[in-house]
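Here is the structure we will look at, set down as structure tokens.
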Amino acid sequence: MTSLYTNGTAPPALAHTLHTLQRRFGPAGMVQPARSALPPVAAIPTGFAALDAALGIGGLPRGRVVDIFGPESSGKSTLCLHVIAQAQRLGGTALFVDTEHALDPAWLRQCGVDAAALYVAQPDNAETALEIVAGMAAAGVELIVLDSAAALTPRAEVETDMGDTHPGLMAGLLSQALRKLVGPLYRSGSLLIVTNQLRRTAGGGHTHTGGSALRHYASVRLELRPQRALRERNVVVGRRIRATVVKNRLAPPHRSATFDIWHGGGQ
């Protein structure tokens, strides 16, 4: 079995192969020891200390895909805005792809986001949205939020009559996009957060939009569940949210945290 010598020098045959691969394929063909090829993963804090602790690395991993899913009104978009605020405080640039066309400038400010420094896109179809994500990832934007996968609509569906269906088209588009994105995200260090909504099935279970690709390619998957309303003088002023890390390639999974989201945007 070929191995590195203790002084870190490769045997001649291995060294020749490594050189040939790099010369033929460039950076994509570089084969090197794991200590050099796999630097520590940096994280962007969520703004909620308990959640950062549950994630195991102090936040959400840069250079990876993160899937945040849950039922309606579980705080998915609001959590993303808090992460954007944290990224901006660290000097990073963020993009919010608003496929739901529901972004509220006042809510941005309440969540601590510098709206003047935030890039926003509101594409009319899934293909445009995914191309925007790919372009901004290649440009090295630190944080990209795609809100949401459930609202992505393929161009073919946009251009056909109401009632026409295109089964499997969205799942295929998302799968192809994620396959092409994971490499550029890793190399640029961009964090891509995709929100997704849980929908009830006829059998009483739940399903996700977009097939299994997002579940597969995500390094971290967070399930959000609203716990209870927070009240002051019988007026609802916020919600308590429970987050469960159902998948984590960077730390032990299945940890949970609760945090409060206030209608004023704070913690």
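Quick notes on this structure:
- Applying the criterion of being outside any loop (DSSP other than H, G, I, E, B) and more than 17 Å from the chain's Cα centre (by Cα) to the residues of the stretch 124-143, the residue that is nearest to Gly172 (Cα to Cα) is Glu127.
- A count restricted to the stretch 26-76 and to residues that are outside any loop (DSSP other than H, G, I, E, B) and within 24 Å of Ser188 (Cα to Cα) stands at 18.
- Every test in (1) more than 18 Å from Leu143 (Cα to Cα); (2) among the small types (Gly, Ala, Ser); (3) crowded, with 19+ Cβ neighbours inside 10 Å; (4) out of contact with any helix residue (DSSP H, G or I) (no Cβ under 7 Å at 6 or more places or on another chain) is passed by Gly70 save one, and that test is (4).
- Qualifying positions in the stretch 48-58 - surrounded by fewer than 22 Cβ atoms within 10 Å (Cβ to Cβ) and either within 17 Å of Ile241 (Cα to Cα) or of a type in the set (Asp, Glu) (or both): Ala49, Ala50, Asp52, Ala53
- Residue within the stretch 101-123 that is assigned to a helix (DSSP H, G or I), of a type outside the set (Ser, Thr, Tyr) and within 18 Å of Ser190 (Cβ to Cβ) present: yes
- Filter result for Val65 (surrounded by fewer than 16 Cβ atoms within 10 Å (Cβ to Cβ), at pLDDT 95 or above and over 23 Å from Arg240 (Cα atoms)): no
- Restricting the stretch 189-218 to residues that are of a type in the set (Ser, Thr, Tyr) and in contact with an Asp or Glu (Cβ under 9 Å, 6 or more places away or on another chain) leaves a set whose member that is farthest from Ala126 (Cα to Cα) is Ser190.
- Of all residue pairs spaced 6 or more apart or on separate chains, those with beta-carbon atoms under 9 Å, a first member in the stretch 72-96 that is at positive phi and in contact (Cβ under 8 Å) with a residue 12 or more places away in the chain and a second member that is outside any helix (DSSP H, G or I) and not hydrophobic (A, V, I, L, M, F, W, C) are Ser73/Pro226; Ser73/Arg239; Gly75/Pro226; Gly75/Arg239.
- Within the stretch 95-123, the set of residues being small (Gly, Ala, Ser) and either at pLDDT below 95 or within 18 Å of Gly75 (Cβ to Cβ) (or both) comprises Ala102, Ala106, Gly112.
- When the residues of the stretch 227-258 are filtered to those that are small (Gly, Ala, Ser) and surrounded by 14 or more Cβ atoms within 10 Å (Cβ to Cβ), the one that is nearest to Arg62 (Cα to Cα) is Ala251.
- Look at the stretch 250-262: where a residue is more than 24 Å from Ser73 (Cβ to Cβ) and at pLDDT 95 or above and a partner is crowded, with 17+ Cβ neighbours inside 10 Å and among the small types (Gly, Ala, Ser), sitting 6+ places away or on another chain with Cβ atoms under 8 Å, you get Leu250/Gly56; Leu250/Ser219; Ala251/Gly56; Pro252/Gly56.
The values are calculated or read from the model by the stated rules, or taken from the named source; none is laboratory data. As the structure is a prediction and not an experimental result, all values here were calculated from the model. Counting neighbours? That spans all protein chains shown, and the Cβs are built from the backbone with ideal geometry, glycine included.
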